[in-house]
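Readers should treat all values here as calculations from the given coordinates under stated rules, not as data from a laboratory. Computed from a predicted model, the values in this text were never measured in an experiment. Methodologically, a virtual Cβ is constructed for each residue, glycine included, from the backbone with ideal geometry; neighbour enumeration extends over all protein chains shown.
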Amino acid sequence: MNRGVFIKRWSASAAVIVVLTASFLTLLHVEAPSAHAKASAPVVNAGTYGSGALGSWQANTRVISSSAEVRHVVATDGVVLFGDSIAVQDGAALGRLLGQQLGTSFAQYSWAGQPTSAAVDAMAVWAREYGLPRRIVMAVGSNDIFDPPAFAAQVERALRIAGPQRTVYWVDVQVSRTDEPTTVQVADQRNSEWINLQLEQAALQHPNLRIVHWAEFLAERPDRLHTDLRDGRHTTVPEGQNARNALILQAIRPN
């Protein structure tokens, strides 16, 4: 990606901030407060970046493939996924879709609430214990809105582990939690775009990093913020789940 393309992409990302923030604030006036169950305690201290702090996540729901499954995926050069709570919900459906459309095997390490650093830790363990296939999906970053400057280093770390011969497909981030005050929602949106711009910058340096443009897909039609997201970050089922997984499939599918 050359500098001109990056500047064009940056302008598009800036537009996403405006469109999505305005749309979320509009939705606030039409959704009842009880429409979505809260997944975490409300933000009391907005912290340095306005989104609060990442809470304890280690006891959260997780979906982790067995050693035998991972070894099979590596042996058959399938696809591995490292994800957060969205992947906990959507990962199995993605695996089925990849199997049906591409005939590929699939394994995942998805843990609700985990930041990118923890997902990359898991990636390092798998690389050491099993090796990695040529295609790696990273569906993390939503939990990095609490500390956006730390994200870029984790992207670089993941790419070092993967090496230049593997392709890393990274799903970009859209978070603006509808169960939080307006000021926090705006901070979430700003921090999401900060993370996405760091992904774009990394893609300038790493041709094997391919971004799955989930945030841009949502911005193309603001009604998708309601039809494809249930709380400002997690996908609806089946609409949002199908749409996000289809974007991942499209990125992975051979040209």
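I'd like the Karplus ³J(HN,Hα) series for region 242-250: coefficients 6.51, -1.76, 1.60, θ = phi - 60°, whole numbers in Hz, and an x wherever there's a Gly or Pro.
Listing the rounded values in order: 4, 5, 5, 5, 5, 5, 5, 4, 4 Hz.
Between Gln250 and Thr182, what is 0.36 nm times their sequence separation minus the Cα-Cα distance? Round to one decimal in nm.
Gain in length upon complete extension: 21.1 nm.
Report the FRET efficiency, 1/(1 + (r/R0)^6), for Ala93 and Ala46, where r is their Cβ-Cβ distance and R0 is 30 Å, rounded to 0.05.
It comes to 0.30.
Going by how many other Cβ atoms sit within 10 Å of their own, how do Arg224, Arg96 line up, fewest first?
Sorted ascending by nearby Cβ count, the order is Arg96, Arg224.
How do the peptides 186-197, 156-167, 238-249 rank, highest first, by the average count of neighbouring beta carbon atoms within 10 Å per residue?
Peptide ranking by packing, descending: 186-197, 238-249, 156-167.
Order of Asp223, Asp84 from fewest to most other C-beta atoms within 10 Å?
Sorted ascending by nearby Cβ count, the order is Asp223, Asp84.
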